[in-house]
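K.L.:
I have a structure I would like to understand better, so I am pasting it below and will then ask my questions one at a time.
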Amino acid sequence: MFQDITTLLLDTEAFKDTIALFVDRYKDKCISVVAGVEARGFIFGPPIALAIGAKFVPMRKPKKLPVSKNHSHISFQ
């Protein structure tokens with residue numbers, strides 16, 4: 001189900017708190033790479049990756065990124 005996140009993004013404290021929840025959950029998990037899937041992953045992934053000291057990798061549909069890439073098939077439920 002699609003949920004509009006615009007109000008969350010407009011509320012700086014709520015957005016910061018949301019990122020903090022993810023960071024607190026994953027900061028001690030020794031994660032080296034955060035993969036952000038499409039639009040929302042591009043919004044939430046980079047600040048989380050930065051906060052936990054991980055790299056960020058955007059994941060998009062084929063031929064949407066202008067860099068060399070590895071191909072993998074991922075199915076979503």
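The values are calculated or read from the model by the stated rules, or taken from the named source; none is laboratory data. As the structure is a prediction and not an experimental result, all values here were calculated from the model. Backbone-built Cβ (ideal geometry, glycine too); neighbour counts: all protein chains shown. Please note that ligands, DNA and RNA were not included when accessible areas were found on the heavy atoms of the full protein model with its side chains. Shrake-Rupley method; radii C 1.70, N 1.55, O 1.52, S 1.80 Å.
K.L.:
Within segment 1-41, track down each residue that is among the hydrophobic types (A, V, I, L, M, F, W, C), open to solvent by 80 Å² or more (accessible area, probe 1.4 Å) and within 21 Å of Pro58 (Cβ to Cβ).
P.N.:
Across segment 1-41, the qualifying residues are Phe2, Phe22.
K.L.:
From Lys69, Lys55, Lys63, grab the single residue that is open to solvent by 50 Å² or more (accessible area, probe 1.4 Å), of a type outside the set (A, V, I, L, M, F, W, C), more than 25 Å from Gln3 (Cα to Cα) and modelled with pLDDT of 90 or more.
P.N.:
Lys55
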